[in-house]
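The values are calculated or read from the model by the stated rules, or taken from the named source; none is laboratory data. Everything quoted here is computed from the prediction, not taken from an experiment. All Cβ positions, glycine included, derive from the backbone under ideal geometry; neighbour counts span all protein chains shown.
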Amino acid sequence: MGKETRNTQVETIKYAFPDLGPVEITLQAESAEIYRFFKESWFIKAGKGMGIEHFERLDQLGALRAVYKTAHHSRWEYMVLQMYLIQKLKTNFAFGLSTSIPLITIRHKVTSLEELLKSWVLLNNYGHLLDTFEAERVWLELILEEPELYRAFISCLSDDTSTKLTQEILKEESIYHFHHLIALALLGRLSKKKGKSRRPFDLWIEMIKALLKRDVKEGSKLDRALNIFHTLRRVSYVLLDINRSTLFLRIDSNNLLRNILKNPDGLLYNPESDVNKTLEDIERLLFSEMYASEQACTFKYHYIKGQKQEFYKIVSKNRIGVYCKDYKAFAGRLQGAKVNNFGKYEPDQTTKHICRLNLLPNFVFERTDCHFHTEHKKLHTEANIPVDFLITPTPYTKGGSIIDVFAAKNLDVCELSTLYHTLTKYVVECYEGWVSDTGSLNFVMSGPLQELFSRILATFIDSDLSLRFPKGTSTGDSNVDIITSKMNKGKWIRHFSQPIKAKTLALDRTWELTALLQLLQRQKGELLLIAVSNLHLYNPDGSRKVEWDGAFFNIEKDNITLYILEAKRNVSRRSKECSSALLTSIAKAGIRRKQGEFKAIPCKGYAYTKITLEDVVLESLP
């Protein structure tokens, strides 16, 4: 339970954590004023959710609480922990937290760095709606889709710099900054009508703008403040979420706090320190395993779709003016969204999750910034089949996302080919900034390409088998590459030939790659997805069942062709050794032809077969 006491200048927050025990936070000056504002009953003019109670009831998981029935914590607990860490660092080390700090404009100055950090903790959560990021994504999509809502949202803002910043973030389609824009809109509305109120709304608006500032001078007081704030927010997020999740990992809160206080420089000013790298890894684990798991994203898809349908039901009865008659009406609706969403919805039980693709950052190679809403519309238009997409951007970098695909029915062969053709082109476009001057794309897109290859191959083979790429059989560090055009094909072949000529691999593997290159040179496809290592198929018990020397896909919009290669040095074209081994491996992989038998095409030193998706017996289509 949290308990708050107040005198004329100072606010004291008392809270008890299960691991850390009771804590006490002192708020002075700016942070105390914000806290008092939060406590006032007119913060939310509804029968519930008033004042601090709003944050105490606001679940950290938001709408995803419906997915995970586990121990949980509130937004308020998350906020209190951040303020406690700030105060603990100030008490033990000072770190200049008592020095005043200027914001964007000269006339706005905060009494101390400590006060700015605590104020940011409070204001950073002011714009969160009921159901947090999922609800905010619904509003963001609606604002991007409906010009009247867009104009009404912009009209709430109180100054030109807020307007410009909001327009930039809306253009970027940033889900994880939209709650900041909501805060700017709500405070902007209050700033316009403050009348007798002596609340410093303009200062609070400047604080949020400073939190979002793009061109902060490196080494400045503001830069230092932002680094401390984001680091301590990550610590609090990881500490609370990991210990209340269903994941296997746990952190000793007291031990972590002792380590932070023992070496605060390593945490606050060295992003490459072991503790920061560990926290970053845990943050990514939480995102992929909880906030963006397949189960969570399936729920998000139905939630977003259902909430938007409820919005349009309201609009169909009352017209859109009920939301955007003027800035007051729009701000009132936003404020009300802190307590209620658009209404109850029934998930479409016929629409199922069929596949997903990870475009997560890999070393220095990141995809282009994710504009999830624009990309969703483009994917939907280009696919033009009965599927829908959910694109989930990563919160820790602009260059990462997860694409989930949903359909209300099983896809036929043509639709499935179109889907993979669309996804493959999409991956290439996302990374095109890295591939303009190189013949090989494998270093850039190794993760997504390997996922695509495995996903497409799973459509052909026995569903019980799993694919692995053995180490040491590729010309580089990656297992899958792609040819995207005639020009790219020439570059790719020259690049691929170099390690073969250098004979850096075993003699047999060098010949297998030579045979693969000969086969690729005869292909005319515009999208060739190639395994540049051996392929091993394994049984569920871990035993290896099939080995292929080479394979690639020719991906067309209406069909997909799989080429499989078996190579042996010093074998003549007339020999049946390669052909027999190849056909045996295809049968073991569970690939069955609808009519007749597969045929192997013999060549000098190798044999290959080509299998089209439309010719294969598919036990279950996605």
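So residue 551 passes all but one of these: (1) small (Gly, Ala, Ser); (2) part of a strand (DSSP E or B); (3) at positive phi. Which condition number does it fail?
(3)
Being aliphatic (A, V, I, L, M), touching a strand residue (DSSP E or B) at 6+ places or on another chain (Cβ under 9 Å), buried (at least 16 other Cβ atoms within 10 Å of the Cβ) and under 15 Å from residue 425 (Cα atoms), is that true of even one residue in segment 342-355?
Within segment 342-355 (the criterion being aliphatic (A, V, I, L, M), touching a strand residue (DSSP E or B) at 6+ places or on another chain (Cβ under 9 Å), buried (at least 16 other Cβ atoms within 10 Å of the Cβ) and under 15 Å from residue 425 (Cα atoms)), the answer is no, since none of the residues qualifies.
Output the residues belonging to segment 257-277 that are free of Cβ contacts under 8 Å to residues at least 24 places away in the same chain and not basic (Lys, Arg).
259, 263, 265, 266, 270, 271, 272, 273, 274, 275
So which of 390, 416 is out of contact with any Gly (no Cβ under 9 Å at 6 or more places or on another chain) and either within 23 Å of residue 131 (Cβ to Cβ) or part of a strand (DSSP E or B) (or both)?
390
Residues 251, 208: which one is among the β-branched types (Val, Ile, Thr), in contact with a Leu (Cβ under 8 Å, 6 or more places away or on another chain) and crowded, with 19+ Cβ neighbours inside 10 Å?
Checking each option against the conditions leaves just 208.
Please determine whether any residue of segment 612-620 is assigned to a strand (DSSP E or B), charged (D, E, K, R) and surrounded by fewer than 17 Cβ atoms within 10 Å (Cβ to Cβ).
Checking segment 612-620: not a single residue is assigned to a strand (DSSP E or B), charged (D, E, K, R) and surrounded by fewer than 17 Cβ atoms within 10 Å (Cβ to Cβ).
Cβ-Cβ distance below 7 Å, separation of 6 or more or different chains: which pairs start in segment 498-520 with a residue that is under 18 Å from residue 563 (Cα atoms) and end on one that is in a loop (DSSP other than H, G, I, E, B) and among the acidic types (Asp, Glu)?
Partner pairs satisfying both residue conditions: 512/549.
Does residue 186 count as in the same structural domain as residue 72 (by the TED database), over 30 Å from residue 276 (Cβ atoms), in contact (Cβ under 8 Å) with a residue 24 or more places away in the chain and assigned to a helix (DSSP H, G or I)?
yes
Please tell me if residue 481 is of a type outside the set (Lys, Arg) and in a loop (DSSP other than H, G, I, E, B).
no
Got at least one residue in segment 212-232 being more than 30 Å from residue 188 (Cα to Cα) and crowded, with 19+ Cβ neighbours inside 10 Å?
No: zero hits.
Hey, among 448, 470, which residue is over 22 Å from residue 543 (Cα atoms) and either part of a helix (DSSP H, G or I) or not β-branched (Val, Ile, Thr) (or both)?
The match here is 448.
In segment 18-36, what residues are more than 19 Å from residue 205 (Cβ to Cβ), touching a strand residue (DSSP E or B) at 6+ places or on another chain (Cβ under 7 Å) and of a type in the set (A, V, I, L, M, F, W, C)?
Matches in segment 18-36: 23, 25, 27.
Looking only at segment 1-19, count how many residues are closer than 16 Å to residue 74 by Cα, at pLDDT below 90 and either surrounded by 15 or more Cβ atoms within 10 Å (Cβ to Cβ) or not assigned by the TED database to the domain that holds residue 99 (or both).
Residues in segment 1-19 being closer than 16 Å to residue 74 by Cα, at pLDDT below 90 and either surrounded by 15 or more Cβ atoms within 10 Å (Cβ to Cβ) or not assigned by the TED database to the domain that holds residue 99 (or both): 4 in total.
Being touching a Phe, Trp or Tyr at 6+ places or on another chain (Cβ under 8 Å) and part of a helix (DSSP H, G or I) is the filter here, so list the residues in segment 572-606 that pass it.
The answer is 578, 582, 583, 585, 586.
Picking from 317, 328, 378, which residue would you name as being over 21 Å from residue 68 (Cα atoms), assigned to a helix (DSSP H, G or I) and at pLDDT 95 or above?
378
Mind listing whichever residues of segment 534-550 are crowded, with 22+ Cβ neighbours inside 10 Å and within 32 Å of the chain's Cα centre (by Cα)?
535
Every residue, every condition in (1) assigned to a helix (DSSP H, G or I); (2) farther than 30 Å from residue 66 by Cα; (3) modelled with pLDDT under 95, yes or no:
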position: 136; (1), (2), (3): yes, no, no
position: 153; (1), (2), (3): yes, no, no
position: 163; (1), (2), (3): yes, yes, no
position: 179; (1), (2), (3): yes, no, no
position: 198; (1), (2), (3): no, yes, yes
position: 208; (1), (2), (3): yes, yes, no
position: 214; (1), (2), (3): no, yes, yes
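Check whether at least one residue in segment 362-369 is buried (at least 20 other Cβ atoms within 10 Å of the Cβ), modelled with pLDDT under 90 and not acidic (Asp, Glu), and report yes or no.
Yes, that holds for at least one residue.
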